[in-house]
1. If a residue must be outside any helix (DSSP H, G or I) and either of a type in the set (Lys, Arg) or at positive phi (or both), how many such residues does region 2-58 contain?
2. What is the number of the single condition among (1) closer than 30 Å to residue 2 by Cβ; (2) surrounded by 15 or more Cβ atoms within 10 Å (Cβ to Cβ) that residue 69 does not meet?
3. Yes or no: residue 85 under 13 Å from the mean Cα position of the chain (by Cα) and under 12 Å from residue 8 (Cα atoms)?
4. I'd like the residue in region 22-51 that is surrounded by fewer than 19 Cβ atoms within 10 Å (Cβ to Cβ) and of a type in the set (Val, Ile, Thr) and, out of all such residues, is farthest from residue 90 (Cα to Cα).
5. Being among the aliphatic types (A, V, I, L, M) and touching a residue at least 24 places away in the same chain (Cβ under 8 Å) is the filter; apply it to region 45-57 and report the residue that is nearest to residue 12 (Cα to Cα).
6. Please specify each residue of region 92-114 satisfying the condition of being exposed (fewer than 15 other Cβ atoms within 10 Å of the Cβ), modelled with pLDDT of 90 or more and in a helix (DSSP H, G or I).
Amino acid sequence: MNLIAWTIVACEVGFWIFIIAGLVMRYIFNQKRIGILLLAMTPVVDLILILVTGIDMYRGGEPTTADAIAPIYIAVSIIYGKSIIQWADERFAYYVKREGPKPIPSCWYRICET
């Protein structure tokens, strides 16, 4: 696997680490400001991927499938990022902290139907 492919994997892992860390700080340790700061760091992950991909292309890197997947990953993250964080927040609050109403079933299955 090339640099871009590994960067995509690292960005996906980083995205979820920031979400989980933000929710843990927010609900377990009652540090709402730090939790929001960590959740707000998720777009930085996208910026890192944009920079790494851009630098790789600028330096004359051969375009690969990973280079084509990188903008798709960024687009999905930008389009669905807020709703993914909201989805995780609702479930974390209900199942871990036992606060709020029971989350309604996700409608992600409808995306696959279209």
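The values are calculated or read from the model by the stated rules, or taken from the named source; none is laboratory data. Treat the numbers as computed from the prediction; the structure is a model and nothing was measured. Quick reminder, even Gly has a Cβ in these numbers, built from the backbone with ideal geometry, and neighbours come from all protein chains shown.
1. Step one: filter region 2-58 for residues outside any helix (DSSP H, G or I), giving 2, 29-31, 41.
Cutting the leftovers down to either of a type in the set (Lys, Arg) or at positive phi (or both) gives us 30.
Residues flagged as outside any helix (DSSP H, G or I) and either of a type in the set (Lys, Arg) or at positive phi (or both) within region 2-58 amount to 1.
2. Among (1) closer than 30 Å to residue 2 by Cβ; (2) surrounded by 15 or more Cβ atoms within 10 Å (Cβ to Cβ), the lone unmet condition for residue 69 is (2).
3. Details: under 13 Å from the mean Cα position of the chain (by Cα): yes; under 12 Å from residue 8 (Cα atoms): no.
Spelling it out, it is not the case that residue 85 is under 13 Å from the mean Cα position of the chain (by Cα) and under 12 Å from residue 8 (Cα atoms).
4. The residue in question is 50.
5. Initial filter on region 45-57 (among the aliphatic types (A, V, I, L, M)): 45, 47-52, 55, 57.
Filter once more, keeping what is touching a residue at least 24 places away in the same chain (Cβ under 8 Å): 45, 48-50, 52.
Details: 45: 8, 48: 11, 49: 10, 50: 13, 52: 14 Å.
Checking each candidate, the answer is 45.
6. Across region 92-114, the qualifying residues are 94, 95.
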